[in-house]
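Nothing in this text is a laboratory measurement; each read-out follows from the coordinates by a stated rule. Remember, it's a predicted structure, so these values are computed and weren't measured experimentally. Glycine also receives a Cβ, built like all others from the backbone with ideal geometry; neighbour counts cover every protein chain displayed.
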Amino acid sequence: MNNRLSEKRMDFAAPPPLDAELEAELVALEAMDDARIDTSDIAEQGDAFWRDAERGRFYRPLKQSTTVRIDADVLHWLKAKGKGYQTRINAILREAMMRDGGKR
C-alpha cells in the first residue's frame, strides 16, 4: 500500500476557471449586503482566541532546486555566517519579493 501523500500544484496566478454555478453564487454573495449573509454556522471567536495566533504558522512553501550564479564576495558573505546560507538567500529574496508587492 502506498501511504505517500499526493502532491497537486496550482498556479495561483492563473487559477482554474470556476464553474457557472459557483460563479453565480459568488456574484450573488458579492452583491448582497453583509448583514444579510448567513454566518450562523460559524462559531464566534473573541479576542482571546486570536491573541496567540501566528500568521503563516502552517504555511510550508514547496522548495524547488535551481542553479543561481552569485558574485563570489556575496556568496562568501552568506557562507561566513555559518550553516544555512541557502535559507538566508531564500529569506533575503522573499523579503525583497514581499516589499515589491509579490505574493506567496
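Data overview
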item: The chain, helix-only ellipticity at 222 nm - DSSP H runs n ≥ 4, -39,500 (n - 2.57), divided by all residues, nearest 500; result: -11500 deg cm²/dmol
item: Inter-label distance for Met97 and Ala14, nm, one decimal - labels placed 7 Å from Cα along Cα-to-Cβ; result: 1.8 nm
item: Gyration tensor verdict on the chain (Cα atoms; rounded if a/c is under 1.5, prolate if a/b is larger than b/c, oblate otherwise); result: prolate
item: Ile37 paired with Asn90, simple spin-label distance in nm, labels 7 Å along Cα-to-beta-carbon; result: 3.4 nm
item: Crossing angle, helix 85-99 versus the chain [Cα axis fit, 0-90 degrees, rounded to tens]; result: 50 degrees
item: Length added when fully stretched, Gln45-Leu29, from 0.36 nm per residue minus Cα-Cα; result: 3.5 nm
item: 0 to 90° range, to nearest 10: angle between helix 20-31 axis and the chain longest Cα axis; result: 80 degrees
item: Relative packing of 43-55, 70-82, which averages over residues the other C-beta atoms within 10 Å, highest first; result: 70-82, 43-55
item: Taking N as its residue count, the alpha carbon Rg of the stretch 46-104 over 2.2 N^0.38 Å; result: 1.54
